[in-house]
Amino acid sequence: MTTLPQSGPPEYNVTGQSYDDRRHFRHDGPLIDVHAHVTMTHPSDPPGFPGGSGRAGSLAQAETMLEVARAFGITRTYTMCPPQDIAPLRERFGPALGFNGPIAKAEDEPDDAAYRLLDRFLEQGVDLIKFWGPPRGCDEGLYVDAPWRRQVVQRARAAGVRVFMVHVSDPDAWFATAYADPIHYGKKKEHYFGLHFLLNEFPDVAWIAAHMGSDPEDPDHLAELLERYPHLHLDTSATKWQVREVSRRRDALRALVCRYPTRVLFGVDLATRPHLVREHYVSRYWCQRTLWESVWEGPSPVADGDYAPTLGEPPLPHLRGLGLPPEVLRQVYHANARRLFPHQSPAGEGEPGLSL
Ligand SMILES: [Zn+2]
């Protein structure tokens with residue numbers, strides 16, 4: 001997390017941007033957020049994976065986040081939360097939430113630990129399963145194609161799950177810093193071997209590679225992946241990362257999304273935390289919508305410690321809106337999610353969403 005001096009501007013608004021100014025928004029239909037971490041929260045929550053306090057936790061942060069989401073047009077959010085958080089969240093928010101079960105285990109735990117976790121998620125009726133496996137995860141044995149994870153795909157598929165999300169690799173900026181040791185971490189592209197393996201082994205289910213496939217820095221690589229694997233999709237989540245790198249390659253990313261409009265899904269990657277303020281949530285939704293649907297240009301209002309300006313670049317990362325065409329936006333913002341999750345009621349007018 002970025003630590004800012006107390007006297008400095010808050011991380012969610014370093015430019016004094018008015019988030020009430022939404023005149024540049026072009027889309028007035030519903031949106032579905034396929035990548036979020038809405039959880040129960042508790043003051044003692046650790047800084048790692050969010051949530052887990054179950055019925056002992058508070059709904060207040062989830063209330064705030066989803067109220068803000070609704071104000072930005074989001075009618076459903078697919079959340080990753082520990083299994084004990086699902087029941088209280090579902091009771092409160094009903095069809096405004098779908099659930100994504102992240103499957104992980106400690107390196108020294110038996111494979112059964114992962115299968116028991118999967119069973120808890122399946123009992124709760126999750127819509128998709130997530131494998132987190134960036135380089136820092138691989139350090140702890142969390143390879144996306146680990147044998148126990150491939151077994152999880154088989155078991156989940158047999159139970160009716162048809163969508164799987166993976167996080168492989170990480171920003172280029174981190175391969176110049178945290179992952180700079182080439183002996184230990186290798187090259188960024190080598191971290192896609194596990195994804196290729198899964199896509200080849202399981203062609204009959206849908207895959208979502210989170211965070212623009214973790215490679216908004218290389219639109220040609222993303223095009224290769226989408227061309228080769230018709231069952232692969234990308235989500236737009238991780239706002240600072242996408243604002244920074246998609247804006248740098250606005251025209252190439254715009255061409256990519258327009259070429260594969262059925263393969264990109266809207267996601268934000270917001271996480272509820274016990275002490276977050278409302279404007280934190282507002283900032284990410286505002287930036288995501290501004291990036292994809294508008295032609296707004298200006299310094300990004302969100303602090304980004306990973307931004308290192310190259311020669312000629314401004315001191316703050318610039319957000320450069322793609323201004324995607326309305327029909328492409330309709331697919332990215334909700335139609336693709338509705339197709340991947342057909343058993344859920346369609347998002348749109350009259351949907352029984354949040355009652356606020
Ligand atoms: Zn996430």
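The values are calculated or read from the model by the stated rules, or taken from the named source; none is laboratory data. Note that this is a predicted model, so its numbers are computed, not measured. When we count neighbours, we look across all protein chains shown, and the Cβ atoms used for this are built from the backbone with ideal geometry, even at glycine.
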- [ ] Among what's in the range 107-126 and is of a type outside the set (V, I, T) and under 23 Å from the mean Cα position of the chain (by Cα), pick the residue that is farthest from P83 (Cα to Cα).
- [x] A114
Open item on the list: Could you go through the range 201-220 and let me know if any residue there is part of a helix (DSSP H, G or I), over 26 Å from Q151 (Cβ atoms), more than 16 Å from the ligand (Cβ to nearest atom) and without any contact (Cβ under 8 Å) to a residue 40 or more places away in the chain.
Closed with: yes
Open item on the list: I'd like to know if the range 42-49 contains one or more residues that are in contact with a strand residue (DSSP E or B) (Cβ under 8 Å, 6 or more places away or on another chain) and either surrounded by 17 or more Cβ atoms within 10 Å (Cβ to Cβ) or not in a helix (DSSP H, G or I) (or both).
Closed with: yes
TODO: Would you mind finding the one in R116, R90 that is in a helix (DSSP H, G or I) and exposed (fewer than 15 other Cβ atoms within 10 Å of the Cβ)?
DONE: R116
TODO: Specify the residue that is nearest to the ligand (Cβ to nearest atom); the eligible residues are those in the range 33-64 that are farther than 17 Å from E91 by Cβ and either of a type in the set (A, V, I, L, M, F, W, C) or more than 22 Å from the chain's Cα centre (by Cα) (or both).
DONE: A36
Task: Residue list for the range 246-274, filter: more than 16 Å from the ligand (Cβ to nearest atom) and acidic (D, E) - done: D251
Task: Members of the range 93-113 found to be loosely packed, with under 14 Cβ neighbours inside 10 Å and in a helix (DSSP H, G or I), listed by number - done: G94, D112
TODO: With the condition kept exactly as written, say whether any residue in the range 170-179 is at pLDDT 95 or above, in a loop (DSSP other than H, G, I, E, B) and hydrophobic (A, V, I, L, M, F, W, C).
DONE: no
TODO: Would you check if L234 is part of a helix (DSSP H, G or I), within 22 Å of the chain's Cα centre (by Cα) and buried (at least 20 other Cβ atoms within 10 Å of the Cβ)?
DONE: no
Task: Enumeration of residues in the range 297-315 that are more than 18 Å from P216 (Cβ to Cβ) and either at pLDDT 95 or above or touching a Ser or Thr at 6+ places or on another chain (Cβ under 9 Å) (or both) - done: G298, P299, P301, A303
Open item on the list: Just to be sure I understand the filter: pairs with C-beta atoms under 7 Å, separated by 6 or more residues or on different chains, first member in the range 60-79 and closer than 25 Å to D21 by Cβ, second member in a helix (DSSP H, G or I) and of a type in the set (K, R). Which pairs pass?
Closed with: T64/R278; V68/R278; F72/R289
Task: Residues of the range 275-286 that turn out to be surrounded by fewer than 24 Cβ atoms within 10 Å (Cβ to Cβ), away from the ligand (no atom under 16 Å from the Cβ), assigned to a helix (DSSP H, G or I) and not charged (D, E, K, R), as a count - done: 1
- [ ] For Y333, state whether it is away from the ligand (no atom under 16 Å from the Cβ) and part of a loop (DSSP other than H, G, I, E, B).
- [x] no
